[in-house]
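Enquirer: Okay, here's the structure, questions in a sec.
The values are calculated or read from the model by the stated rules, or taken from the named source; none is laboratory data. Here the structure is a predicted model, which means the values were calculated and not measured. Note that each Cβ is placed from the backbone with ideal geometry, even for glycine, and that neighbours are counted across all protein chains shown.
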Amino acid sequence: MRPHPATHAQNPLPPSPTESTLNAMPLRQDAQDAHVDQEALWDAETARRYDTPGTGMFAPEVLDPTVDRLAELADGGRALEFAVGTGRVAVPLARRGVPVTGIELSQPMIDQLRAKADEATIPVVIGDMATATAPGPFHLVYLVFNTISNLLTQPEQVECFRNAARHLAPGGRFVIELEVPALRKLPPGQHAVVFTSDPGYLGVDTYDPLHQHLTSHHFRYTEDGKAHLARSPHRYIWPAELDLMAQLAGFELECRHADWEGGEFTAESGSHVSVYRLPGGA
Ligand SMILES: C[S@@+](CC[C@H](N)C(=O)[O-])C[C@H]1O[C@@H](n2cnc3c(N)ncnc32)[C@H](O)[C@@H]1O
């Protein structure tokens, strides 16, 4: 998977600055099928290690453009973050004056968020972003850092779009930040792509193109020569499929850029920020 200067992974150890854009956590043995228990994967230890203030996904050059763009898209209204996590984005967005609510599956991740923002500042509904309901309506729903790929089946991903639509007022926007699958790097017969090879760190994605799944493997070498492995399962989505999911939920694509700063999305782009909009509104 292609390293991207604007984003990189963070868990369960502090990231390499060129690390994969897909998020990572320890993967249990049974986690490679579509019924992986995400709630169990995002456990207390992963949550405790998630925040890396000032670096990685928390670096100002990553976070500031994200928050700037989301504040602009909220357009003075309320925002809902699906899979809010520890509030990496929600906390600075709320500080910017945008009222933010979250939906999140993992209580340990919410506990970390609560160390930074109380329930009155950022209310959070515990539940699945494909089905849970937060009191709305909202002007903006957003789902960043490739997290739609944590839903491991197409029906769940479609349901996630429908749930975003249910939460939005007419004219409301759903913003998704997602990698472009690095399938062009896979010659026939090969199923793995090294996305980063640094001293002390090796990142490999293994692809299952039949089921449209990938597993990110993050090997980190310790000074005694041992390796620590964390894996994360994903269902990857091509941008065109994402647009079709949006259409099924009643959205139109308003714009797609290569990054939060409005860079042009091209055939070479490694990820995208896509803005979908419901009809109606002012
Ligand atoms: C990589 S973190 C992203 C957190 C935050 N959005 C950020 O950008 O830092 C992924 C988060 O998705 C949550 N998650 C995974 N599947 C979920 C689901 N189906 N519904 C709600 N949250 C989910 C995990 O618990 C975790 O907090």
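Enquirer: Among the numbered conditions (1) closer than 30 Å to Gly280 by Cα; (2) more than 22 Å from the chain's Cα centre (by Cα); (3) of a type outside the set (Lys, Arg), tell me where Glu223 comes up short.
Expert: Looking at each condition in turn, Glu223 falls short on (1).
Enquirer: In the range 159-203, which residues are part of a strand (DSSP E or B) and within 16 Å of the ligand (Cβ to nearest atom)?
Expert: So the first thing to find is which residues in the range 159-203 are part of a strand (DSSP E or B), and the list is 168-179, 192-198, 201-203.
Passing the criteria: Phe174, Val175, Ile176, Glu177, Leu178, Glu179, Gly203.
Enquirer: Moving on. Mind listing whichever residues of the range 123-140 are within 12 Å of the ligand (Cβ to nearest atom), in a loop (DSSP other than H, G, I, E, B) and out of contact with any His (no Cβ under 7 Å at 6 or more places or on another chain)? Let's see the steps before the verdict.
Expert: Within the range 123-140, the subset within 12 Å of the ligand (Cβ to nearest atom) is 124-132, 134.
Retained after the next criterion (residues that are in a loop (DSSP other than H, G, I, E, B)): 127-132, 134.
Within the range 123-140, Gly127, Asp128, Met129, Ala130, Thr131, Ala132 qualify.
Enquirer: List pairs: first residue in the range 135-151 and over 19 Å from Arg231 (Cβ atoms) and in contact (Cβ under 8 Å) with a residue 60 or more places away in the chain, second residue within 14 Å of the ligand (Cβ to nearest atom) and acidic (Asp, Glu) anywhere in the structure, Cβ distance under 7 angstrom, at least six positions apart or on different chains.
Expert: Hits for this filter: Tyr142/Glu81; Val144/Glu177.
Enquirer: List the number of the failed condition for Arg69; all other conditions in (1) surrounded by fewer than 19 Cβ atoms within 10 Å (Cβ to Cβ); (2) among the basic types (Lys, Arg); (3) within 30 Å of Trp238 (Cβ to Cβ) hold.
Expert: Against the list (1) surrounded by fewer than 19 Cβ atoms within 10 Å (Cβ to Cβ); (2) among the basic types (Lys, Arg); (3) within 30 Å of Trp238 (Cβ to Cβ), Arg69 comes up short only on (1).
Enquirer: Under 8 Å by Cβ, and 6 or more places apart or on different chains, what pairs join a residue from the range 258-271 that is outside the structural domain of Val193 (by TED's automatic domain parsing) with one that is modelled with pLDDT under 95 and among the hydroxyl-bearing types (Ser, Thr, Tyr)?
Expert: What qualifies is Gly270/Thr21; Ser271/Thr7; Ser271/Thr21.
Enquirer: Do you know which residues across the range 81-115 are assigned to a loop (DSSP other than H, G, I, E, B) and either away from the ligand (no atom under 12 Å from the Cβ) or surrounded by fewer than 17 Cβ atoms within 10 Å (Cβ to Cβ) (or both)?
Expert: Step one: list which residues in the range 81-115 are assigned to a loop (DSSP other than H, G, I, E, B), which gives 83-89, 96-99, 105-106, 115.
Arg96, Gly97, Val98, Pro99, Ala115, listed by residue number.
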